[in-house]
Amino acid sequence: MPHLIVDPFERERLDRLVEEGALCTLRAVAEDRPIELLGIREEGEFFLEIKDRGEDCLIRADKITRPLDSNRIKRALKRLAEAADLTIRHSNIALSPTKPPIAAEYDKKIRDFESADFPLEKVALEVGFGSGRHLLWQAKAHPDTLFIGIEIHTPSAQQVLKQIELQGLTNIWVVNYDARLLLEMLPSNRLEAIYVHFPVPWDKKPHRRVISERFLEESLRALRPGGILELRTDSDNYYRYALEVFSVPPKIDFRVEKNRELPVVSKYEARWRRMEKDIYTLTVTAEALSPERKNDYNFTFDKPLDPERVARLPRKAVVVEECFVHFGPRYRRADGLGGVIECSFGSFDRPEHKYLRYDERGKVEYFPDSPVRTAANAQAHRLIGAMIHG
């Protein structure tokens, strides 16, 4: 991850940059730890995290707002070091002329799917594409289909975006997010196929498995009649678990195949075949039209935040039947014009991680963007509002 290690420096240098507003948007200081957040403008806005370690300072993008394009982070760190005249002890922000750039126009954010305008009539989804071999092969073999690849592992998403650029593909969208949340954003009866190839088995934490009754329900809603959900796994436990999940609906069409070969093989599947492991393919076919999903939830705050309530927000998670809310570190703006609160919320198995950013008038907004429009997030939003407004 791009970062700088610099000599300790006077923070007034950053305050001057905030006042100028061209590079820095805010500086906020944590209440109970030697960490600051610095808002940065670099093809959008995100936060850098400044950690005071005594003998030096570590500066890097924070986990919640960090962009997928690491070059954006490198450029921001370089501009900051120059503008604030920082003395660098170590850095890894050099832009390599030999490394291919990522195809930034195909890097999609979750909010792009609130009213997505798909460029092609046919649309398919691959969940957890890993190295991207299957996703890239499908896109080349079916140029009339838009393939949405979703991957929570950031380096894998970055590598596929580079391959899109190198191979000149135009029919792939890459999303660095949780597939279960994205699926709820997609319109009904729209997908040709959903591929879930070799998901993590999570034998010791089965609640983290991507396949579930809810995932199956959302998949059948998003698939057009005749569309398929295809699961491939080498795990005997996952295979038996998926059989149970797919057997829950009172009426469903699914088939099981063993050791079916595909035209493209990942390096992991090739290894498992050399080990003579069995590969299971379970294919579910959607049969009926589904009603359109109603997810027109409002995630704005209609009342100002009471600054005195920030200190009284609970330190432990607040749990209700369908969701939870947990407030993390609080940050006060150095100029006294508001603050930032880290917040996790939503469903228990796929929570959101955002900041609540408020100004001196108490106006509150989610940062870097609004939550995904799910029922659990909407309930959590109402709970957050009740706690910050009083």
Task: Accessible surface, 1.4 Å probe, highest first, among residues Trp173, Trp272, Trp202 - done: Trp202, Trp272, Trp173
- [ ] Kindly sort Ile341, Ile5 by accessible area of their heavy atoms, largest first, with the probe set to 1.4 Å.
- [x] Ile5, Ile341
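Treating only the Cβ atoms of Lys and Arg (+1) and Asp and Glu (-1) as charged, compute the dipole magnitude of the stretch 34-189 about its Cα centre; round to the nearest 20 debye.
Working: 21 positive and 24 negative charges, 97 e Å.
It works out to roughly 460 debye.
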Task: With DNA, RNA and ligands ignored, accessible area of Lys277 (1.4 Å probe; Å², nearest 10) - done: 70 Å²
Open item on the list: Test of understanding: extend the Cα→C-beta vector of Lys205 to 7 Å, then name every residue of the stretch 346-390 with backbone N under 14 Å from that spot.
Closed with: 348-351
- [ ] Counting other Cβ atoms within 10 Å, keep those with at most 16, restrict to DSSP loop, and tell me which chymotrypsin sites (Phe, Trp or Tyr not before Pro) in the stretch 317-371 are left.
- [x] Phe348
Open item on the list: What are the extents of the Cα atoms of the chain along their three principal axes, in Å, largest first?
Closed with: 65, 53, 40
Open item on the list: Let me spell out the model: positive unit charges on the Cβ of Lys and Arg, negative unit charges on the Cβ of Asp and Glu, origin at the Cα centre of the stretch 284-324. What dipole size does that give, in debye rounded to 20?
Closed with: 340 debye
Open item on the list: Need one word for the stretch 233-390: rounded, prolate or oblate. Basis is the Cα gyration tensor (sqrt eigenvalues a ≥ b ≥ c); a/c below 1.5 gives rounded, then a/b vs b/c decides.
Closed with: prolate
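Distance check, please: which entries in Lys109/Lys363; Lys108/Lys354; Lys63/Lys109 exceed 22 angstrom between their Cα atoms? Don't skip to the answer; put the middle values down first.
Values: Lys109/Lys363 24 Å; Lys108/Lys354 18 Å; Lys63/Lys109 15 Å.
Result: Lys109/Lys363 exceed 22 Å.
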- [ ] Just flag the trypsin sites (Lys or Arg not before Pro) in the stretch 170-244 sitting in loop per DSSP whose Cβ has no more than 13 other Cβ atoms within 10 Å.
- [x] Lys204
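Would you work out the relative contact order for the stretch 1-107, in percent, from Cα pairs under 8 angstrom that are 6 or more residues apart?
Working: 179 pairs, mean separation 34.1, N = 107.
Relative contact order, the stretch 1-107: 32 percent.
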Task: Computed accessible area, Phe113, all protein chains, 1.4 angstrom probe, square angstrom - done: 10 Å²
Task: Reference-scaled alpha-carbon Rg (2.2 N^0.38 Å with N residues) for the stretch 211-271 - done: 1.24
TODO: Let me know the charge dipole size of the chain about its Cα centre in debye, to the nearest 20, where only the beta-carbon of Lys, Arg (+1) and Asp, Glu (-1) is charged.
DONE: 740 debye
Task: Bins of 10 Å from zero: percent of alpha-carbon pairs in the stretch 24-169 - done: 10, 33, 29, 19, 8, 1
TODO: Heads up, I need the accessible area for Phe254: 1.4 angstrom probe, whole protein in place, Å², nearest 10.
DONE: 60 Å²
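The values are calculated or read from the model by the stated rules, or taken from the named source; none is laboratory data. Since we're looking at a predicted model, the values are computed, not measured. Because the Cβ atoms are built from the backbone with ideal geometry, glycine has one as well, and the counts that use them run over all protein chains shown. Heavy atoms of the whole protein, side chains included, go into the accessibility calculation; ligands, DNA and RNA do not. Shrake-Rupley method; radii C 1.70, N 1.55, O 1.52, S 1.80 Å.
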